[in-house]
Each structure stands twice: as structure tokens, then as C-alpha cells.
Amino acid sequence: MCLVSSYRVKTVCRLTGIHRSTLLAWERRYQVVEPSRADNGYRVYSEDDVNRLRRLKALVDTGHAVSEALTMLVGGPVHSHAGPLLERLIAFDAQGAAAIANQVDAHSPGVQVTDLYMPLLTELGSAWERGETTIAQEHFTSGFVRERLLRLMERVGQDEGPLATLLTPPGEKHELGLLGLSIRIAEMGWRTDWLGPELPLSELGAYCMEKRPKLICVSLIRQRPYDELDRMVRRMRDSVPQEIRIAVGGSAASRVEVDGVITATSFESLELELSTPDLKVL
């Protein structure tokens, strides 16, 4: 008979040299391992989990970031798949695209967002501007990426933590960057409500009174006249309680100058804002 070894958190920390709070943070943010649960709810780790954590810590101790170390464990940088994936998508090859995307599915959802899907969408946009793609190719590619991001959202859903609400206002149809952001901040410990594209602003106040999110994230891509953009953002700010923070991002966000509104031009800049004491989760 083959006995399968299993370990509790305290033992795993002793065997790997990883502090308990670090281990739990890595699980939550990067899904480095996915322990099972005992009948009493305690985490139970396998021998493979322990060995993986030992290898990961060894890489981190030599100076590698956790996301980089995970890439090294799985094999092959995630970003190297973006070009081949886009080629399959603009050829309308869903099966071939799925095969490429599946090669990196063992990586954390956040790594897939930042190193695969966002670079792919950036290149798609550039190809569109150069006149190298058709509307059909753009729609096919966007549909594939949207489906994949929704799958990743299911993997990082949080039951606890502060609530962040994500939406785009009327006239803003582009939602994929915001879907990616939802995944990234879920890995930081936030619960998320996805309200989708083009939410009527008249709905926002009532929603906030009922759900009381701590943060609202808004995507602004469309280039509007400055006064129109200013009025819209001020209307959002005035329609929700002042204790609820609003963050705007996207290519048009840099033009926003409204008191009480965070302007984030990238995932990284928003994550920096989220690490401030009044918004920090961990």
C-alpha cells in the first residue's frame, strides 16, 4: 500500500523555511499551490506541494520575483506565447489558439493577464491602427480573450476582503483591460463586483448605497472633449458617498483632474495606490 504524505501549515513552514503569512499571501495572490481542506477546514498540503514550495523559495532567495520564479518552475516565459497566440487568432484558429493558451494555464491568473493577454491586446490594437487586421479578426480575438479572462476571474474569486466594483461608463465599450484589472486586484485580496461595460451613471448611486464598495474602478478609453470627460467623472464622484474611492484608468485617464479621484495609467500605478494605508488589504 502506498501512503500519501500530507502536512499542515505549521509543518510546511518548518520544512520550507517560508513564513506562514508569506505562504498564505503567495497562495492568495499567485496560487503557488492549492492545498486541500480537511474536514475541520484546515489546509492540507501534499508532498508535491512541499517540493514545489521549496524550489520556489530557493529561486526567490536568489533574487527572483515570485512571478518570475513561477515562470521558471513551469518553463518558458509567458510573454513569448503572445505573438504565436495572436497569429492563431487572426487566422480564426480557435483550436490552435486554445492549445497555445493552455500551455501557460498553470501560471497564476495575474501573470497570464500581464504577460500574455494584455500584451496581445496591445499588439492587436497596434495592428488595427496600421490597417493590418479586419473587424472580424478583432472581434474574434477579443471574444477569445474575454472568454479566457472570465475563466481566470473564476479562479481568483474572493469570499472575504473589501469590495471593489469595476465598470465602464456610457460610451465606453472596451472592457478587456478592466477584466484583467479585476483579476489582478482579486489576487491582492479584494472581492470584486463586475458591472460590465456602459453602466448608466444613474444606476451607480443606488448600487453604492446598497453594496458600499470601498473602491470603484472605471475604464476610460474613448477620447472625449475635455469638458465632457470632466463632467462625467465629476458626476460619478458626486453620485457616490465620499468615503468610496474612485480610480480611473485607460488611455483617456491622464486627462482627468477631479479631486478625490485616483488617476492610474497602468496596472502597476494602481497597485501602488492600493498599497497606501487607506486602501491596503494585506
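Derivation of every value follows stated rules applied to the coordinates shown; laboratory data play no part. The shown structure was predicted, so the numbers you read here are calculated from the model rather than taken from an experiment. When we count neighbours, we look across all protein chains shown, and the Cβ atoms used for this are built from the backbone with ideal geometry, even at glycine.
With the charge dipole of the chain set up from +1 on Lys and Arg Cβ and -1 on Asp and Glu Cβ about the Cα centre, the Cα lying farthest toward the positive end among the listed residues G110, P169, S36 is that of S36. Computed over every Cα-Cα pair of the stretch 6-73 and binned at 10 Å starting from 0, the pair-distance distribution P(r) comes out as 21, 58, 18, 2 percent. When peptides 14-26, 79-91, 164-176 are sorted by average Cβ neighbour count within 10 Å, with the highest value leading, the order is 164-176, 79-91, 14-26.
Radius of gyration (Cα atoms) of the stretch 163-274, expressed as a multiple of 2.2 N^0.38 Å: 0.95.
Distance from the C-alpha centroid of the stretch 226-250 to that of the stretch 32-58: 43 Å, rounded to the whole angstrom. Note on the chain: Kirkwood radius taken over Cα pairs, Stokes-Einstein applied at 25 °C and 0.890 mPa s, translational D equal to 119 µm² s⁻¹. Along the stretch 24-30 the Karplus relation, 6.51 cos²θ - 1.76 cosθ + 1.60 evaluated at θ = phi - 60°, assigns HN-Hα couplings of 5, 5, 5, 5, 5, 8, 10 Hz to successive residues, with x for each Gly and Pro.
How far apart, in nm, are two points set 7 Å out from the Cα along the Cα-to-Cβ line at V44 and at R8? Label-label distance for V44 and R8, simple model: 1.3 nm. The peptide list 38-51, 202-215, put in order of mean Cβ contacts within 10 Å with the highest first, becomes 202-215, 38-51.
Based on Cα contacts under 8 Å between residues 6+ apart, the stretch 6-73 shows a relative contact order of 33 percent. Ratio of Rg to Rh for the stretch 121-194: 1.05 [Cα atoms; Kirkwood radius as inverse mean 1/r over pairs].
Sorted by mean Cβ packing within 10 Å, highest first, what order do the peptides 141-150, 107-116 take?
On the way: 141-150: 18.1, 107-116: 23.3.
Highest to lowest by the protection proxy: 107-116, 141-150.
Multiplying the residue separation of L201 and S251 by 0.36 nm and removing their Cα-Cα distance gives an extension gain of 16.0 nm.
Give, in nm to one decimal, the length gained when the segment between R146 and E210 is fully stretched (0.36 nm per residue of separation minus the Cα-Cα distance). If you can, show how the numbers build up before the last one.
Details: separation 64, 0.36 × 64 = 23.04 nm, distance 2.82 nm.
20.2 nm is the gain from fully extending R146 to E210.
Charge dipole of the stretch 46-199 (Cα centre as origin; +1 on each Lys and Arg Cβ, -1 on each Asp and Glu Cβ, all else neutral): 200 debye, rounded to the nearest 20.
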